[in-house]
Amino acid sequence: MKKIALLSFLILALTFTAFGQKAKTVKVKTTTVTVTNDKGVRDVFDRLVEGIKQIDAEKVMSVYQNSDKILFFNNNGSATIGWETMKSNRESLYDKTSNVSLDITGLRIEMLGKDSAYATCKWKQQQEFNGKLESASGRMTLVFKLIGKDWKVIHLHTSPDNPDATRPVFPSEKENQ
């Protein structure tokens, strides 16, 4: 009987102790981020596609951040670093290119905050290169950043479904970067 009374007293004491404690209040600071819609990013993406279809290196390069650190993962598995290098490569290729058609499907733009986003899509392109008809398709990811008032592409990664081994690889793209 003494054991039951002692056990009951112990349970009762622990119960009062548990209920007698004050709850700790934790204040959590919340931050609200207003995300702009993707219209600005979409406009830049559309300008890029137009530039490719028009074989206009100036228009195409206008969507990219003009930086010597910008990184392009090319559709031949190589990488190019630097806006000027990529512009020079495009101009050289575009001199040999005509009759470009480009179809974009599955475009998805994801806002990552108020000043960054990425876009992904599938592409199918047909063109004449050095007088020979070419067709290619693949996937592309573009990373966008709001720089001042302008959305700019700060990174490009494109992967073809079936890379053409006969296309030239520029010396700047042959280096392991």
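With the structure loaded, tell me whether TRP83 is over 16 Å from the mean Cα position of the chain (by Cα), at pLDDT 95 or above and crowded, with 16+ Cβ neighbours inside 10 Å or whether it fails that test. Yes, satisfied. Filtering segment 38-65 to residues that are without any contact (Cβ under 8 Å) to a residue 24 or more places away in the chain and within 17 Å of the chain's Cα centre (by Cα) leaves LYS39, ASP46, ARG47. Of the strands (runs of 3 or more DSSP E) that lie entirely inside segment 54-147, those containing 3 or more residues that are farther than 12 Å from THR158 by Cβ, aliphatic (A, V, I, L, M) and in contact with a strand residue (DSSP E or B) (Cβ under 6 Å, 6 or more places away or on another chain) span 97-111.
The values are calculated or read from the model by the stated rules, or taken from the named source; none is laboratory data. Values in this document were obtained by computation on a predicted structure and should not be read as measured data. Heads up, the Cβs are rebuilt from the backbone with ideal geometry, glycines too, and the neighbour counts pull from every protein chain shown.
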